[in-house]
Amino acid sequence: MSYGKRRRTGYDPASIQEYTFPIENIPRLSARDPEVYRLIQASRPVVISDSGLINSALKWNLGYLQENLGDGSFHVYGSKDNRFKYYDEKRAKQCKSFPKPVKRYEVSFNDFLKMLMEKKNTRERIYLQQMLNESVGQEIVKDYVDFNWDWVGRIQNEQGWGPLSSNLLLIGLEGNITPVHYDEQENFFSQISGYKRCLLFSPDQFENLYPHPVAHPCDRQSQVDFSKPDFERFPKFRNARAMEAIVGPGDVLYIPMYWWHQVESLKSLSPIDHKLRDFSTTTSSGSSGDIPPVTVSVNFWYRAAPLPATVKFPISAQQRVSVMRNIEKLLASALGSADEVGKLLSTMVDGRYN
Ligand SMILES: CCC[C@@H](CC(=O)O)C(=O)C(=O)O
Ligand SMILES: [Zn+2]
């Protein structure tokens, strides 16, 4: 079992940001190692280095994608800094005072490439995050069919997970950060090109990471900015402790449901030749030159296994998060507004449960 030190090859170590919390390594194991399946069974993160899950996609450079992704539209997010904090568009509409952390564009893949060129010299950074759907070209369909579905399907069945809900194609600039959050799905996060640093925190660190209220547009996202933590507002963040994996081409990171994760695109040491054909390098704003370096990933989100027939006590950290979420939702609907929930919870707890 290699629980070794941080992976050292392929990326510029200077692109690793220093944070205030201790970090230990996520194990990196071969798919042939039975420990992989023990860790998945225990809902513990693990990097699988040779699953072959997305080997057929390792050729997905921007030129190939330009040729074969088809003429569908793609969600591209724009951020005035390097953080791409997810927010729920529908809830944002009800939250007049909510400053949107990112802009969302709906563009063709070629327009995305043009944006990569045009925004290269502006402050706005972009990140394509698009579910693979039936609009993709035949070559991509073939590559998709050639994913190692036997391997991942066996795990899905053994773990009793629900169906695959989506595969998100992620193409972002080096330096982009998806800030720390949790998802309510199991995830086989697969790296195609470039390197990503994944910082994971166990579900029992909910109190260290101060998520926004469930009714907030940034539900499931932490309020803490790792680069400038506000220890006044979030004192327990001092107790946070991370596990880290740096994933490169072909690596698959299992991110268990409810595990917090922050994902940072690192600086690759060997620039990728994107083989972009007949793509005018002089765009409307006259900017020319090469496409800035990007990372490419695809994730596999699986619906959770159904709840066990009998609850075992003490309940797990994941179940505690689920209970807290349900209480927040129930109170918001019982009170008719999410704004009243905090006050009612304080009334219930202060001087009575603490
Ligand atoms: C929108 C999804 C982003 C991704 C992280 C990243 O690659 O930036 C992630 O958080 C996940 O796969 O769950
Ligand atoms: Zn996520």
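Numbers below:
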{"quantity": "Total residues in segment 110-119, condition touching a residue at least 40 places away in the same chain (Cβ under 8 Å) and open to solvent by 10 Å² or more (accessible area, probe 1.4 Å)", "calculated": "4"}
{"quantity": "Selected residue (only one of Tyr86, Tyr37 is open to solvent by 40 Å² or more (accessible area, probe 1.4 Å), away from ligand 1 (no atom under 15 Å from the Cβ) and of a type in the set (Phe, Trp, Tyr))", "calculated": "Tyr37"}
{"quantity": "Residues of segment 146-198 satisfying the condition of being at positive phi and in contact with a Gly (Cβ under 9 Å, 6 or more places away or on another chain)", "calculated": "Gly194"}
{"quantity": "Residue satisfying all of: in segment 256-278; among the aliphatic types (A, V, I, L, M) and within 28 Å of Gln159 (Cβ to Cβ); most open to solvent (accessible area, probe 1.4 Å) among these", "calculated": "Met257"}
{"quantity": "Check on Tyr105, touching a helix residue (DSSP H, G or I) at 6+ places or on another chain (Cβ under 9 Å), part of a helix (DSSP H, G or I) and modelled with pLDDT of 95 or more", "calculated": "no"}
{"quantity": "Unique match (being within 19 Å of the chain's Cα centre (by Cα), within 16 Å of ligand 2 (Cβ to nearest atom) and open to solvent by 30 Å² or more (accessible area, probe 1.4 Å)) among Leu209, Leu164, Leu132, Leu168", "calculated": "Leu164"}
{"quantity": "Number of the exception - Tyr195 against (1) open to solvent by less than 10 Å² (accessible area, probe 1.4 Å); (2) under 17 Å from the mean Cα position of the chain (by Cα); (3) away from ligand 2 (no atom under 12 Å from the Cβ); (4) aromatic (Phe, Trp, Tyr)", "calculated": "(1)"}
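Each row is one residue, and each column tells you yes or no for (1) under 30 Å from Arg233 (Cα atoms); (2) assigned to a helix (DSSP H, G or I); (3) more than 10 Å from ligand 1 (Cβ to nearest atom).
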| position | (1), (2), (3) |
| --- | --- |
| Arg154 | no, yes, yes |
| Gly162 | no, no, yes |
| Ser165 | no, no, yes |
| Thr178 | yes, no, no |
| Phe189 | no, no, no |
| Leu200 | yes, no, yes |
| Asp204 | yes, yes, yes |
| Glu207 | yes, yes, yes |
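The values are calculated or read from the model by the stated rules, or taken from the named source; none is laboratory data. What you are looking at is a predicted structure, and each value in this text was computed from that prediction instead of being measured. Please note: Cβ atoms are built from the backbone with ideal geometry, for glycine as well, and neighbour counts cover all protein chains shown. We work out accessible area using only protein heavy atoms, side chains counted, and drop any ligands, DNA or RNA first. Shrake-Rupley method; radii C 1.70, N 1.55, O 1.52, S 1.80 Å.
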